[in-house]
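Take a look at the structure set out below.
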Ligand code: AMP
């Protein structure tokens, strides 16, 4: 339940996000969004918050594994558009296209089904959190490789001090974070 009806959506989300120090490794302050899912009213407000920020209805929403599936799917469903899963390498059952991207140490690969997007579809990319922007930028390159056009990015949380937006603006400047740190 909302503590106070006058709280902004950002305040309400921040009041339930849990900081977990040194997870998954020392020095990382992990923003745990799982307590949000205990509050059905807040979940609905988050979906509405994303939808009210969308200027032009996309043709599809792409959600990034795994926490990007949660609100990404709810928003897609409410907008009545397809939801596309971007997953780590080897997880999707059908034919895939993929893209490799650099991590702090080493590299990773993400994939989507090869028939997931139609050419020139406007695609909104969704994840739970924007940190350095490497993951969302890789998803944007994957959407473009698949023939789609990135129409924007949505995140529940933005860690603004990591300046992840700088990696995304060349795909699209339309970047929404409901909560900023
Ligand atoms: P990045 O590619 O650096 O923008 O990292 C974004 C991805 O890593 C998202 O899928 C997040 O779920 C996860 N992530 C990165 N940093 C954090 C953090 N401090 N707390 C929670 N998740 C994080």
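Taken together, the values in this text are just the output of simple stated rules run on the coordinates, not laboratory data. These numbers come from a predicted model, not from an experiment.
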By how many nm would the segment from residue 169 to residue 119 lengthen if fully extended, with 0.36 nm per residue of separation less the alpha-carbon distance?
15.9 nm
For the stretch 81-181, diffusion coefficient by Stokes-Einstein and Kirkwood Rh (Cα), 4 °C, 1.567 mPa s, µm²/s
94
So what's the gap between the Cα centers of the stretch 148-165 and the stretch 98-139, to the nearest angstrom?
12
Using only the alpha-carbon atoms, how far is helix 40-52 inclined from the longest principal axis of the chain? Give it as 0 to 90 degrees, nearest 10.
50
If one compares the long axis through the Cα atoms of helix 134-145 with the longest principal axis of the Cα atoms of the chain, the angle in degrees, nearest 10, works out at 40
Over all pairs of distinct alpha carbons, what does the Kirkwood formula give as the hydrodynamic radius of the stretch 29-102, in Å?
14.0
For the chain, Kirkwood radius (reciprocal of mean inverse C-alpha pair distance, Å)
16.7
In degrees rounded to 10, the 0-90 angle between helix 68-79 Cα long axis and the longest Cα principal axis of the chain is 90
Expressed in Å to one decimal, the Kirkwood Rh of the stretch 134-181 from all distinct alpha-carbon pairs is 11.0
